[in-house]
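A short write-up of the structure that comes next.
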Amino acid sequence: MYIDFEFQTTYGKFSDALWFPEGEELPSDTEIEAMKQQRLNDWIAAITTPQE
Amino acid sequence: MANRYWVGGTGTWNTSSTTNWSTASGLSFTASCTATALTTTGSPALVAGMTVYSSTFVSLGTIVSGSGNNWVVSVGGTYGSQTMTAGTVGASVPTASDSVFFDSAPTYTVTCTGALTCLDLTVSAGTVTFANGTSPTFAISGSMSLVAATVWTTTAIITFNATTTGKTIATNGVTISGGFTFDGVGGGWSLSTAVTVSRSAAGAVTLTNGTLDLNGKTLTLSGGSSTFATAAGTKDLTFNGGTLALAGGSNSVIFNNAAPTGFTTTAGTGTGTITGTATTVHIINGNTSTINAVVNQGGSGQLRFSSSATFLDITNTYAATGATSIRLDSGVTTTVAGFTAAGAVGNVLTLSASTAFSTATIALSGGGTVTTTDYLNVTDINFTPFATDGSAPYKWYSGVNSTNNGNNSGMLFAASTLTAYLLASGTSWTTPANWNNSSNNIYIFGAGGGGGGGRSGSATNKAGGGGGGGGGYTGLTNQTLSGAITYAIGAGGTAGTTNGGTGGTGGTTSWNSGASTAIGGTGGSTTATPSSVGGAGGTGSQTGGAGGTGSTTTTSGSAVAGGGGGGSAGPNGTGGAGGIGFTNAAAQGNGGGGGGNGGGTAGGNASTSAGGTGGNNSLSTGGGAASTAGLLGGGGGGGTAANGANGGTGVDISNTAGGGGGSGGGAAISGAGRNALGYGAGGSGGGSNTSTGNGVGGVGGTGMIFISYTPSTGNSTNFFFWQ
């Protein structure tokens with residue numbers, strides 16, 4: 001299943017989704033929020049420290 | 001069409017090896033092994049011929065015989081109770097018709113070599129690393145989905161080549177180290193999750209054929225030199241509220257519409273965005289296409305528009321973090337349906353064209369008005385639509401904290417509570433319905449006089465033309481108006497012809513059927529004696545600056561230069577006088593500087609080595625150095641052995657319009673005087689040179705009327721109720 005989410009940042013809007021394969025037990029709400037935040041952090045790191 | 005399952009852990013995916021491919025998913029079960037005796041639990045559905053793998057993917061050989069929970073394997077060994085897998089491997093290498101599945105836990109590496117193909121590619125379990133082998137490429141004819149634990153280090157280009165729609169891409173937070181190419185005629189792909197591609201190269205993501213739908217998600221190109229590019233084909237980029245986040249910098253063309261033919265964009269649901277995030281220069285090449293998305297400045301590095309194109313809006317989310325800039329290449333027209341880019345307190349947004357004094361254009365489509373920007377510093381930008389015939393008010397408002405840095409048009413540097421019109425042509429102005437008789441100002445400028453032509457009565461008897469006088473100014477406040485108002489704009493004084501033609505007198509600008517006027521400046525003149533006289537400034541409530549005197553000589557071989565044009569008068573005072581030209585024997589006449597606008601200073605006199613500096617505006621700025629254009633109502637610098645430079649359009653009314661700066665002086669080499677560009681400025685005088693002959697004077701600047709008012713809120717009736 002997909003859990004869509006987005007963040008507004010000074011670099012622009014970041015929109016993503018968490019995908020969990022069918023039959024997989026879903027994490028807790030706290031864990032899901034942490035995963036969303038981790039996605040955002042990873043994105044900001046990617047665009048602020050571009051790979052050369 | 002068939003399925004291929006990866007079984008057996010670490011291995012190589014290439015175009016020939018069948019070692020890890022099975023037509024069925026690997027079987028996972030708990031077992032232990034002693035020698036060749038495999039003891040399982042739960043009676044897994046093993047069959048003879050299956051290859052059995054330990055939890056670390058060590059092969060125990062194939063199933064020889066057995067049933068239930070007791071089996072014999074061909075190799076065996078000693079293994080305690082653990083999770084093992086088994087599968088019938090040896091299936092053929094997947095083709096474009098075969099979907100591939102990586103559904104085994106826990107951790108292994110797939111080394112990718114050669115041109116690999118498949119239909120769908122699905123990683124649904126484990127921690128699978130896809131690593132580079134030798135020259136890998138992928139052609140995926142279906143969809144792609146990865147679980148978050150996947151590691152994608154292969155730098156292979158992945159070509160999505162489906163020719164039907166409905167394909168999806170879900171990388172689930174996994175950074176793709178390679179690049180993406182979408183190249184399937186009629187194909188369609190949508191993002192199910194955000195996707196990050198880290199290839200650092202031009203065309204890191206290339207759209208050639210088919211439709212890429214961001215589907216509201218963020219497609220990020222994180223490579224430092226990465227580019228989203230189009231290539232020859234029929235392609236569409238659909239946003240549906242998605243974001244194209246482009247981190248490329250160091251002058252990367254982050255959005256390179258290299259093949260605009262056959263390229264369309266679709267906004268879909270929501271508002272799509274293309275955001276540049278780099279700390280160095282990043283460039284948008286829209287290449288004449290209509291891009292149905294907002295372009296956002298999301299980085300400290302300069303965002304540039306290198307070509308004309310149409311977008312929904314330009315925004316600046318980086319304003320919350322720091323100062324930044326947006327630049328248009330000179331000559332480019334960027335068309336937008338809205339413009340909400342703004343700076344913030346301490347974080348000014350600089351907006352400019354690439355070449356000084358060479359403008360670019362930002363065109364607002366759809367008939368709206370820009371009122372949501374502020375904290376800008378603007379240079380060399382024409383904002384359109386901009387009516388100079390009084391048919392419509394200003395459409396662009398800068399906000400009260402923005403700075404006009406010169407050579408702009410069409411933007412009113414004022415709060416949007418003010419309405420303003422500029423009339424430089426036409427004869428009738430219709431009083432707006434919301435005209436306010438008790439809060440308005442009308443600024444009337446006469447035209448500038450023309451510069452006198454250079455004259456050489458003989459080889460030893462020469463005179464540079466006198467500069468034209470600046471136009472006069474008259475100001476009105478709180479006029480009661482209704483209906484059609486008749487006006488006349490004074491034409492700029494004509495240029496004096498060669499051999500001493502006197503410049504024409506600038507026309508009178510009149511308002512309301514002549515009820516108020518501002519008189520034009522007179523033209524400069526030359527005579528054969530030799531002598532040169534600058535034109536007198538026009539009159540009104542303020543007087544325009546006198547034109548500068550051209551230089552004269554009775555020495556053979558000398559070159560003479562014209563005088564600078566006078567500056568227009570304005571609400572802040574009289575116009576500055578033009579500077580005096582200079583004669584020397586080196587065939588290098590230097591022109592006098594133009595006068596500043598109303599309340600400004602006189603232009604400088606030329607010297608033996610350089611043209612005179614332009615006079616400053618009323619704020620003591622804007623005068624151009626020799627041969628350099630003035631800004632913001634400052635006079636242009638006189639030419640050094642060349643023509644002078646333009647004066648700048650004034651800023652003393654709503655920081656936008658006003659008395660134009662005087663023109664720079666004409667000089668002997670090119671001969672002709674500089675035409676005045678600023679409203680009401682005098683043209684400069686022409687020069688004379690033995691080899692190039694006499695030059696004409698410059699044309700004076702036209703007159704102008706500027707109207708501003710605070711719109712009336714209309715009649716109102718108050719009702720009072722008592723209980």
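Read the figures in this text as sums done on the coordinates, not as results from a lab. Note that this is a predicted model, so its numbers are computed, not measured. Here the Cβ positions follow ideal geometry from the backbone for every residue, glycine too, while neighbour counts run over all protein chains shown.
Of note:
- Over 20 Å between alpha carbons, listed pairs A:K36/B:K167; B:K167/B:K235; A:K36/B:K217: A:K36/B:K167
- From the alpha carbon centroid of region B:71-120 to that of region B:525-546 is 95 Å.
- Rounded if a/c under 1.5, otherwise prolate or oblate - region B:157-203, Cα gyration tensor axes: oblate
- Taking 0.36 nm per residue of separation and subtracting the Cα-Cα distance, full extension of the segment from B:S330 to B:S358 would add 9.5 nm.
- Net lengthening on full extension, B:S391/B:S425 (0.36 nm per residue, minus Cα-Cα): 11.2 nm
- A crude spin-label estimate for the pair B:A96 and B:T10, with each label 7 Å from Cα along the Cβ direction, gives 3.4 nm.
- Residues listed by number, region B:66-85, amide nitrogen under 19 Å from B:A48 label point at 7 Å toward C-beta: B:66-76
- Whole-Å distance, taken between Cα centres, linking region A:1-40 and region B:1-37: 32
- Peptide A:36-49 - average C-beta neighbours from other chains (10 Å radius): 5
- Cβ-Cβ FRET estimate between B:T290 and B:T134, R0 fixed at 56 Å, reported to 0.05: 0.85
- Under the simplified labelling scheme, the A:I32-B:T109 pair shows an inter-label distance of 3.6 nm, with each label point 7 Å from Cα along Cα→Cβ.
- Dividing the mean sequence gap of close Cα pairs (under 8 Å, 6+ apart) by how many residues chain B holds gives a relative contact order of 7 percent.
- Residue separation of B:T234 and B:T266 scaled by 0.36 nm, minus their Cα-Cα distance, works out to 10.2 nm of gained length.
- Note, ³J(HN,Hα) from phi for region B:357-373, Karplus 6.51, -1.76, 1.60, rounded to Hz, x at Gly and Pro: 6, 10, 7, 10, 10, 10, 9, 8, 9, x, x, x, 10, 8, 10, 10, 9
- Distance between the modelled labels on B:V75 and B:A585, one decimal in nanometres: 10.4 nm (7 Å Cα→Cβ projection).
- Relative contact order of region A:2-48: 30 percent, from C-alpha pairs under 8 Å at least 6 residues apart in sequence.
- Cβ-Cβ FRET estimate between B:S300 and B:A24, R0 fixed at 60 Å, reported to 0.05: 0.65
- Gap separating the Cα centres of region B:445-498 and region B:361-423, nearest whole Å: 27
- Remark on B:D98: its backbone amide H falls under 5 Å from those of B:A2, B:L119, a criterion applied only to residues 5 or more positions apart or on other chains, H modelled at 1.01 Å from N.
- Rounded to 0.05, the FRET efficiency of the B:A484 and B:S607 pair, given R0 = 41 Å and the Cβ-Cβ distance, is 0.20.
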